[in-house]
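*Asks:* Questions regarding the structure given below will be posed in turn.
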Amino acid sequence: MTMEAAVIAKPVRRADGAPTRERAAWGFVAPALIAIAVFFALPVCAALLLSLTDFDIYALADLGNVRFIGLRNYERLLGNPLFWTAMRNTGLFAALGVPLSIAASLAAAVILNARVVKWRPLWRVMFFAPFVTTLVATAVLWNYLLHTRYGVINWAISAVGLPPVDWLGQPETSIPAILMFVVWKIFGYNMLIFLAVLQTVPDDLYEAARIDGAGPWTRFTTVTLPAIAPTVLLVSIISVAGFLQLFAEPYVMTQGGPAQSTVTVLYFMYEEGFKWWNLGSASAVAFVLFLCILAVTLAQLAVAKRMGAYE
């Protein structure tokens with residue numbers, strides 16, 4: 001067979017394979033896109049539209065009572081002192097809780113990643129157990145642990161000669177008390193994330209640092225942290241979003257008290273929407289919180305990119 005005949009006889013691939021693969025790809029991602037649209041995009045748009053109305057309990061009975069009021073809900077919100085108190089409390093929870101929870105979870109992960117630790121699977125289960133337990137039940141349990149007269153924590157404080165502390169009854173100690181509970185509740189989840197990425201760091205890097213005379217702290221700062229920097233960024237973003245949406249813990253433990261010292265933005269939104277039935281105002285609070293979380297996340301990404309945590 002001549003060269004020309006071989007070229008002519010060679011089968012030619014059809015050009016319509018690419019559109020078929022493209023349709024197949026869209027078919028695979030369609031369920032996820034539909035879920036995102038139904039459970040994220042549509043609620044956000046609905047909350048934005050609702051925040052521009054005076055939707056309240058009367059509108060629930062008759063939609064004809066709904067009026068478009070523009071940005072009036074936002075104006076009233078920005079003029080409400082309780083809203084700014086809630087913003088301050090939420091910012092304080094996030095500013096204190098995020099570094100504390102990340103430090104605790106990273107320290108636990110580093111310890112459990114060491115080969116000298118025995119019964120590591122047992123410790124992992126014990127540390128992760130609080131995250132999967134019922135929040136309300138554990139919050140009630142912590143209420144007893146923090147009790148002024150009968151709580152174990154005050155019993156330990158009294159054993160060293162210090163007076164008992166009314167943890168949940170004073171504005172100065174209510175936020176630290178709730179933070180202790182929240183960090184204990186969630187740090188196991190972040191610990192598993194850190195533990196998974198720590199196991200991917202090559203041992204050769206630690207061995208080279210050890211040969212160069214680096215101690216444990218130097219190896220941690222020069223080898224471990226740069227290797228897990230993208231994961232630290234991910235955990236920080238998740239933690240910030242979680243602390244900015246804090247609601248169930250202060251609701252169960254203090255009901256926003258004492259003296260509104262533990263009222264968070266979500267707690268304030270809950271009272272606006274389901275206590276006073278100002279659903280338009282509650283939607284405005286939700287949209288403001290959404291914008292705050294988005295702004296903080298973008299700021300974290302910008303800082304991390306400048307520091308070289310990710311490309």
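*Asks:* Using a 1.4 Å probe, how large is the accessible area of residue 261, given in Å² and rounded to the nearest 10?
*Replies:* Accessible surface of residue 261 is approximately 10 Å².
*Asks:* Reported to two decimal places, what Rg/Rh ratio describes segment 60-204 when computed on Cα atoms with Rh from the Kirkwood expression?
*Replies:* Reported Rg/Rh, Kirkwood definition of Rh: 1.14.
*Asks:* Additional query: Between residue 173 and residue 294, what is 0.36 nm times their sequence separation minus the Cα-Cα distance? Round to one decimal in nm.
*Replies:* Extending this stretch completely gives an extra 40.6 nm.
*Asks:* Of 100, 78, 52, which has the largest mean-square fluctuation in a 10 Å C-alpha GNM of the chain?
*Replies:* 78
*Asks:* What figure, in Å² to the nearest 10, do you get for the accessible area of residue 167 with a 1.4 Å probe and non-protein molecules left out?
*Replies:* Using a 1.4 Å probe on the heavy atoms, I get roughly 40 Å².
*Asks:* Which of the helices in the chain meet the span-like rule: DSSP H, Cα axial reach of 20 Å or more, Kyte-Doolittle mean at least -1.0?
*Replies:* Answer set is 17-36, 81-113, 171-198, 229-244, 279-307.
*Asks:* Please list 270, 74 from largest to smallest accessible area, probe radius 1.4 Å, with all protein chains kept in place.
*Replies:* 270, 74
*Asks:* With a probe of 1.4 Å, find how much accessible area the chain has per residue, and write the answer as a whole number in Å².
*Replies:* 61 Å²
*Asks:* Can you tell me the mean projection area, over all orientations, of the convex hull of segment 143-218's alpha carbons? Units nm², please.
*Replies:* 8.1 nm²
*Asks:* Further question: Where a ≥ b ≥ c are the square roots of the eigenvalues of the C-alpha gyration tensor, would you call segment 156-295 rounded, which needs a/c under 1.5, or, failing that, prolate if a/b is larger than b/c, or oblate?
*Replies:* oblate
*Asks:* Positive end of the dipole of the chain, charges at C-beta (+1 Lys, Arg; -1 Asp, Glu), about the Cα centre: which of 138, 160, 195 has its Cα farthest in that direction?
*Replies:* In the chain, that residue is 195.
*Asks:* Something else now. Round to the nearest 0.05 the FRET efficiency obtained for residue 160 and residue 192 when R0 = 35 Å and r is the Cβ-Cβ distance.
*Replies:* 0.55
*Asks:* Taking the chain as a Gaussian network, where each spring joins two C-alpha atoms under 10 Å apart, which residue of 254, 138, 218 fluctuates the most?
*Replies:* Fluctuation is largest for 218.
*Asks:* If you filter segment 94-155 for chymotrypsin sites (Phe, Trp or Tyr not before Pro), then keep DSSP loop positions with at most 15 other Cβ within 10 Å, what is left?
*Replies:* Listed in order of number, the matching sites are 119, 150.
*Asks:* Which one, 290, 247, 40, has the greatest fluctuation when you compute a Gaussian network model over the chain with C-alpha springs under 10 angstrom?
*Replies:* Judging by the Gaussian network model, the answer is 40.
*Asks:* Quickly work out the residue 28-to-residue 48 label distance, labels modelled 7 Å from Cα along the C-beta direction, and quote it in nm with one decimal.
*Replies:* Label at residue 48, label at residue 28, 3.1 nm between them.
*Asks:* Right, another one. Please calculate the 1.4 Å probe accessible area of residue 204, with all protein chains present, and give it to the nearest 10 Å².
*Replies:* 120 Å²
*Asks:* Of 223, 171, 281, which is farthest along the charge dipole of the chain in the positive direction, counting Lys and Arg as +1 and Asp and Glu as -1 at C-beta?
*Replies:* Final value for the positive-end residue is 223.
*Asks:* State to the nearest 20 debye the size of the charge dipole of the chain about its Cα centre, where the only charges are +1 on K and R beta carbons and -1 on D and E beta carbons.
*Replies:* Dipole of the chain, to the nearest 20 debye: 600 debye.
*Asks:* Give me the percent of the accessible area of the chain that comes from carbon and sulfur atoms, probe 1.4 Å, all protein chains in place.
*Replies:* 70 percent
The values are calculated or read from the model by the stated rules, or taken from the named source; none is laboratory data. All values derive from a computational prediction rather than experimental measurement. Counting neighbours? That spans all protein chains shown, and the Cβs are built from the backbone with ideal geometry, glycine included. To get the accessible areas, we keep the full protein, side chains included, count just its heavy atoms, and leave off ligands, DNA and RNA. Shrake-Rupley method; radii C 1.70, N 1.55, O 1.52, S 1.80 Å.
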